[in-house]
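K.L.:
Attaching a single structure in structure tokens format; questions to follow.
The values are calculated or read from the model by the stated rules, or taken from the named source; none is laboratory data. All of these numbers come straight from a predicted model, not from anything done at the bench. Please note: Cβ atoms are built from the backbone with ideal geometry, for glycine as well, and neighbour counts cover all protein chains shown.
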Amino acid sequence: MSGIGKVAANSRIRRSPVRFLCLLAVLLLATFFLAIFIGAKGPIGSDDIDEMRYSELFDAILDKDSERLSYSTTAIVWAFRIPRVLLAGLVGASLACAGTAMQAVFRNPMADPFIIGVSSGAAIGASSAGLIGLTVVVGSFTKPMLAFACAIVTVFFVYRMGTIRGKVQVETLLLSGVAVAAFLGAIVSFLMYSAGQQFHELLLWLLGSFAEPRWSYVWMMLFPALAGVIIIFLYGRELNALLLGEETAHNLGANPETLKKLMLAVAAFVTAGAVAFTGIIGFVGLIVPHMMRILVGADHRVLVPAATLFGASFLIWADSIARTILPGEELPVGVITAMCGGPFFLYLLRRSRTGSVIS
């Protein structure tokens, strides 16, 4: 598409944002149902001679207590596929929405939710829980809970390091996040070296995976995801003002310091909740907000719901590819998102050199 064609397409989308958001909602709904049919047991992506048929899956979705269905079919659909797709959608929506807020706070399209130390803190918690043996002694919820707690503590420490005389200094916060992430990354590397037989399990978590979906994870992820999206959306007007600079935002009636602190807290809470259950899934919070910004513009009253809806669809598709691309094997979903995000990150670097930041 030529440059003129792209401008015309973007103009049509920006003139009718509600229609575009409805289209993204339909895309998400279609993605959700289609992803349920994708898997090693069929009917899409099957490598099993005893694959399930479309009619069986339809019956299982509509009536999980049907006597016509085998126990294995019902278990696959309701205990595995549906919670897995829901969890992927919630995590994708959370990371994309948090990334949108972070890019507004830092006024940089290359910022993402992990820039303030969430991932490194969660990695310390998850790796420590496995190596100490708490998951065996206390229970399976120990790893996500400890990962969540360590992520929040790390973010608070980075925030304190980046706050001078009660004001959040964006540059200092960024550098603090990089330094803390490097230090904690070294500790995680040492723990991985000491992991022995648990190395593969720890590596799988660090790369992000939905291999062990649970309905309890879905319900626990639902509150932070919905609360975070709603809060960030409600402050869309203030985020628009913040893009113009802190002084301009103050003149327009916003309180930049309070807004930055709130957005950092909400983004950290949402992101910590996401990585606690699924591990570190990179690039979703980086590429999805920027893709939507290109299409709908920088108005956060439209950008936040657009990024949230598309982020959910994007991660569901990434997970569907991860569990079917290799017959008999399942890749960590973080590998797929990195394959998509790496080239896009280079594109952002190239675009920033030509003078376009957030527009």
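K.L.:
Return the residue satisfying two criteria in turn: it lies in segment 1-42 and is in contact with a Ser or Thr (Cβ under 8 Å, 6 or more places away or on another chain) and assigned to a loop (DSSP other than H, G, I, E, B), and of such residues it is modelled with the highest pLDDT.
P.N.:
Among residues in segment 1-42 that are in contact with a Ser or Thr (Cβ under 8 Å, 6 or more places away or on another chain) and assigned to a loop (DSSP other than H, G, I, E, B), the one modelled with the highest pLDDT is Gly39.
K.L.:
Residues that are closer than 30 Å to Ala306 by Cα, modelled with pLDDT under 90 and crowded, with 24+ Cβ neighbours inside 10 Å: does segment 122-142 have at least one?
P.N.:
Yes; the residues of segment 122-142 include at least one that is closer than 30 Å to Ala306 by Cα, modelled with pLDDT under 90 and crowded, with 24+ Cβ neighbours inside 10 Å.
K.L.:
Ok, one more. So Thr172 passes all but one of these: (1) surrounded by fewer than 19 Cβ atoms within 10 Å (Cβ to Cβ); (2) touching a helix residue (DSSP H, G or I) at 6+ places or on another chain (Cβ under 8 Å); (3) on the phi > 0 side of the Ramachandran plot. Which condition number does it fail?
P.N.:
Condition (3) is where Thr172 drops out.
K.L.:
Evaluate the following for Gly334: is it surrounded by fewer than 23 Cβ atoms within 10 Å (Cβ to Cβ), among the small types (Gly, Ala, Ser) and within 14 Å of the chain's Cα centre (by Cα)? Step through it out loud before you land on a result.
P.N.:
Numbers: surrounded by fewer than 23 Cβ atoms within 10 Å (Cβ to Cβ): no; among the small types (Gly, Ala, Ser): yes; within 14 Å of the chain's Cα centre (by Cα): yes.
It is false that Gly334 is surrounded by fewer than 23 Cβ atoms within 10 Å (Cβ to Cβ), among the small types (Gly, Ala, Ser) and within 14 Å of the chain's Cα centre (by Cα).
K.L.:
Out of the residues in segment 78-96 that are out of contact with any Phe, Trp or Tyr (no Cβ under 7 Å at 6 or more places or on another chain) and of a type outside the set (A, V, I, L, M), which is farthest from Glu212 (Cα to Cα)?
P.N.:
The residue in question is Ser94.
K.L.:
Filter segment 154-177 for residues that are free of Cβ contacts under 8 Å to residues at least 60 places away in the same chain, in a helix (DSSP H, G or I) and β-branched (Val, Ile, Thr) and give the result.
P.N.:
Thr154, Val158, Thr172
Here is a yes/no grid of residues against (1) within 15 Å of Ala96 (Cβ to Cβ); (2) at pLDDT 95 or above; (3) crowded, with 24+ Cβ neighbours inside 10 Å; (4) of a type in the set (A, V, I, L, M):
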{"position": "Arg237", "(1), (2), (3), (4)": "no, no, no, no"}
{"position": "Ala274", "(1), (2), (3), (4)": "yes, no, yes, yes"}
{"position": "Ile280", "(1), (2), (3), (4)": "no, no, no, yes"}
{"position": "Gly285", "(1), (2), (3), (4)": "yes, no, yes, no"}
{"position": "Arg293", "(1), (2), (3), (4)": "yes, no, no, no"}
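K.L.:
Just to be sure, is Gly117 touching a helix residue (DSSP H, G or I) at 6+ places or on another chain (Cβ under 7 Å), closer than 30 Å to Val296 by Cα and at pLDDT 85 or above? Steps first, answer last, please.
P.N.:
On the way: touching a helix residue (DSSP H, G or I) at 6+ places or on another chain (Cβ under 7 Å): yes; closer than 30 Å to Val296 by Cα: yes; at pLDDT 85 or above: yes.
Spelling it out, Gly117 is indeed touching a helix residue (DSSP H, G or I) at 6+ places or on another chain (Cβ under 7 Å), closer than 30 Å to Val296 by Cα and at pLDDT 85 or above.
K.L.:
Within the bounds of segment 333-347, is there any residue that is aromatic (Phe, Trp, Tyr) and modelled with pLDDT of 90 or more?
P.N.:
First, pick out the residues of segment 333-347 that are aromatic (Phe, Trp, Tyr): 344-345, 347.
Next, only the ones that are modelled with pLDDT of 90 or more stay: none.
No: segment 333-347 contains no residue that is aromatic (Phe, Trp, Tyr) and modelled with pLDDT of 90 or more.
K.L.:
Here are some conditions: (1) modelled with pLDDT of 90 or more; (2) over 21 Å from the mean Cα position of the chain (by Cα). Val158 meets all but one. Which one does it not meet?
P.N.:
(2)
K.L.:
Let me ask you something else. Mind checking which residues of segment 179-226 are within 17 Å of Phe114 (Cα to Cα) and over 18 Å from the mean Cα position of the chain (by Cα)?
P.N.:
Within segment 179-226, Ala179, Val180, Ala181, Ala182, Phe183, Leu184, Gly185, Ala186, Val188 meet the criteria.
K.L.:
Take Phe210 and decide whether it is free of Cβ contacts under 8 Å to residues at least 40 places away in the same chain and surrounded by 13 or more Cβ atoms within 10 Å (Cβ to Cβ). Walk me through it before giving the result.
P.N.:
Values: free of Cβ contacts under 8 Å to residues at least 40 places away in the same chain: no; surrounded by 13 or more Cβ atoms within 10 Å (Cβ to Cβ): yes.
Spelling it out, it is not the case that Phe210 is free of Cβ contacts under 8 Å to residues at least 40 places away in the same chain and surrounded by 13 or more Cβ atoms within 10 Å (Cβ to Cβ).
K.L.:
Take Ser209 and tell me if it is part of a loop (DSSP other than H, G, I, E, B), at negative phi and touching a Gly at 6+ places or on another chain (Cβ under 8 Å). It would help to see each step written out before you state the result.
P.N.:
Details: part of a loop (DSSP other than H, G, I, E, B): yes; at negative phi: yes; touching a Gly at 6+ places or on another chain (Cβ under 8 Å): yes.
Considered against the rule, which asks whether it is part of a loop (DSSP other than H, G, I, E, B), at negative phi and touching a Gly at 6+ places or on another chain (Cβ under 8 Å), Ser209 comes out as yes.
K.L.:
Sticking with this one: Can we say Ala312 is part of a helix (DSSP H, G or I) and among the small types (Gly, Ala, Ser)?
P.N.:
Spelling it out, Ala312 is indeed part of a helix (DSSP H, G or I) and among the small types (Gly, Ala, Ser).
K.L.:
Take Ala104 and tell me if it is more than 15 Å from Ile232 (Cβ to Cβ) and in a helix (DSSP H, G or I). Spell out the reasoning first.
P.N.:
Working: more than 15 Å from Ile232 (Cβ to Cβ): no; in a helix (DSSP H, G or I): yes.
It is false that Ala104 is more than 15 Å from Ile232 (Cβ to Cβ) and in a helix (DSSP H, G or I).
K.L.:
Would you check if Ala318 is touching a Lys or Arg at 6+ places or on another chain (Cβ under 9 Å), within 20 Å of Leu206 (Cα to Cα) and either at pLDDT 90 or above or in a helix (DSSP H, G or I) (or both)? Don't jump to the end; show me each part of the working.
P.N.:
On the way: touching a Lys or Arg at 6+ places or on another chain (Cβ under 9 Å): no; within 20 Å of Leu206 (Cα to Cα): yes; either at pLDDT 90 or above or in a helix (DSSP H, G or I) (or both): yes.
Spelling it out, it is not the case that Ala318 is touching a Lys or Arg at 6+ places or on another chain (Cβ under 9 Å), within 20 Å of Leu206 (Cα to Cα) and either at pLDDT 90 or above or in a helix (DSSP H, G or I) (or both).
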